[in-house]
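The values are calculated or read from the model by the stated rules, or taken from the named source; none is laboratory data. All figures in this text were calculated on a predicted structure; none of them were measured in a lab. Here the Cβ positions follow ideal geometry from the backbone for every residue, glycine too, while neighbour counts run over all protein chains shown. Side chains included, ligands, DNA and RNA excluded: accessible areas come from the protein's heavy atoms. Shrake-Rupley method; radii C 1.70, N 1.55, O 1.52, S 1.80 Å.
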Amino acid sequence: MDNLIYIFFNKDAKKLFYNIKILDNFCQKNNLNLICITNKEYKNIALKIKEKYNLTFYLLDNERDIRKIKIEGNNIIIYNNIDKNIYDVYRKRKFKDGFIGLIRENFIIFHLINPYIIFGKNIRIYENFLLTYLGNKKFYIDEKCKIDKFFLEELFINLIIYYDKIIKTFNKILNLKYFKDYIYEKIGLIAYKVITFLLLVILARILTDTFYGAYVSIYNFLGLIAGIIGSSNIILTKYLSEYKDNKYIRIDIYLKVIFSLFILLIILLFPNYFLSTTFYGYSFLDILIIYITAILLSLIGVYFSIFYSQLNIKSAKNLYILEALLKFIFIVSLAIIIKNVGFIFGLFLTYFILNLVYLYKLKKNKINFLSILKEKINFNDFKKYIKSTILISLPVTLLGLYSSIDIQILRTFTDYNTVGEFYSALVIVYTLSGIFTINNITLPRILKWEKERVIRNINRLLLIQFLINIILTGLLILIGPYIILFIFGENYQLSANIIKYLSIILIINSFNIYTLILYRKDMEKYYPIYAITTAILSIITDIILISNFKLYGAIVSAILANVYIGLISYIIYETKFHNIPSRSIFRYNYKENRYK
């Protein structure tokens, strides 16, 4: 009689009872001896199981002792946990003398949860069976044993047949402008993030805790007012993509002037407030320098809008890298020389020089800002631009405020420690999502495409983002906890556990591709509905779940908030986008690349 060997080293004793019940039934149907190899600590449980089922136990001190066991006869070895019925491997596989293999079965097809099944004759149970992979049939072969000749011949023939197809497909992907744009942007973004991270590490070491805290506060203040002044940047990308008219650059600059004057008015009205909080220990002149720096930073957004609308992603990549390098050089060097105010002048010099460089580069590309600003503004165009800013930028700001509200709700029902642990994990997930999204390079295309072309490509784009995010999710589950502990330290063990659950957000975020539809001029009226509905549902979910389940409620509500974003944008796409008329002014050439 042949043997079925079950290797169990899991800490959950209940699973051992449940799995032995399944295996015993399987062995009776297929006339197999049941053998269980497990840890000595399960001795009492093994005795109870033997009273009910007919099987043999091998009780070991540790998993390494498996190497010493040799069981004669044909053996099927289950090396993992079992949660569903076992596929009848014994009937489907014919054993051959001198041949040992290991199959990795697909549980979706064969109803298997356990990933490894070893089979063969007179097998010595080596763990290194699990380490060697060979062939497209998913066999694992022990190198010491004879390999089936026909198996290798079939494998070699299949490789020759598919080699040419694989190479051609790979070359086709590499030649896609869409793929090249994605790679260019990710190189720029990753370089920017890495250099910025190094900058923070160095500043934390060369500055005192007080001055480093001042840098973080002032830099966040800079980002806040630059975000308000540059809130119309997404609208500029939209209008340049749809209309290809530089007059909207002029309108956007004048709108930034209005926002800048509004911010200046607030600073002049409440100088004491800023000097006693964010700029405590600094002068009013420092506030003005940061204010001017914020204006310069908002102009960088104009350059990005121009590059993305032209699908000139290579220039956008260079801008990311140059910005990061200038920040690193000026801030570090000036912080060393003049300590507390060094980083303020470093930030100013970074964006001042960056603006000079790109104004010159754009002038060479026949985009002269001075000439554009001298032209008169059409009031109707300005009104239309303001309307889009209200319909899109303000709801985007509202949606952006949700993360802050989410943290405040969590703080209301928990403590600072829980907030810190939760936010540390969440920021890693959203950083990865932001770096590897395809939305930045896809938005200008969706704004230019006619309706039919969008419908043809939207599911392909969703699949591309989904595959990217599946890989990221897997990596985050595997190494996310180690990243948390490396960056934040051993005290953030709870964050390391939380990140495994929050990683599902990456998969859900794949459906954010549908939100890009709402930026089109024929769909922008639905953006406030989407943004306000999503924000309200998310806040209500937060209050209900966090008040009752604290940290676990925050995890679930964060996941649901992303579900709302994808679901509501998809519903609007399905119910409204299909009903809008086609834009006949566009002509589609079926021979051109669909992602160009």
Filtering region 531-555 for residues that are hydroxyl-bearing (Ser, Thr, Tyr) and within 11 Å of LEU410 (Cα to Cα) leaves a count of 2
Filtering helices (runs of 4 or more DSSP H) wholly in region 493-576 for at least 2 residues that are of a type in the set (Ser, Thr, Tyr) and in contact (Cβ under 8 Å) with a residue 60 or more places away in the chain gives 527-575
Would you mind telling me which numbered condition in (1) open to solvent by less than 50 Å² (accessible area, probe 1.4 Å); (2) among the hydrophobic types (A, V, I, L, M, F, W, C); (3) over 22 Å from LEU198 (Cα atoms) PHE284 fails?
(1)
Within region 303-317, work out how many residues are buried (at least 18 other Cβ atoms within 10 Å of the Cβ) and charged (D, E, K, R).
1
State whether one or more residues within region 192-199 are closer than 30 Å to TYR385 by Cβ, in a helix (DSSP H, G or I) and under 28 Å from the mean Cα position of the chain (by Cα).
yes
Regarding region 455-473, can at least one residue be identified that is within 18 Å of ILE190 (Cα to Cα), at pLDDT 85 or above, out of contact with any Lys or Arg (no Cβ under 7 Å at 6 or more places or on another chain) and exposed (fewer than 15 other Cβ atoms within 10 Å of the Cβ)?
yes
With (1) open to solvent by 70 Å² or more (accessible area, probe 1.4 Å); (2) closer than 22 Å to ILE290 by Cβ; (3) touching a residue at least 60 places away in the same chain (Cβ under 8 Å) as the list, and ILE206 as the residue in question, which single condition is left unmet?
(1)
Residue set LYS256, LYS238; condition open to solvent by less than 70 Å² (accessible area, probe 1.4 Å) and in contact with a Gly (Cβ under 8 Å, 6 or more places away or on another chain); output residue LYS256
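Let's see how each residue does on (1) under 25 Å from LEU467 (Cβ atoms); (2) open to solvent by less than 80 Å² (accessible area, probe 1.4 Å); (3) not assigned by the TED database to the domain that holds LEU462:
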residue	(1), (2), (3)
SER503	yes, yes, no
ILE508	yes, yes, no
LEU545	no, yes, no
PHE549	no, no, no
ILE565	yes, yes, no
In region 318-338, which residues are in contact with a Leu (Cβ under 8 Å, 6 or more places away or on another chain) and open to solvent by 30 Å² or more (accessible area, probe 1.4 Å)?
TYR320, LEU322, PHE328, PHE330, LEU334
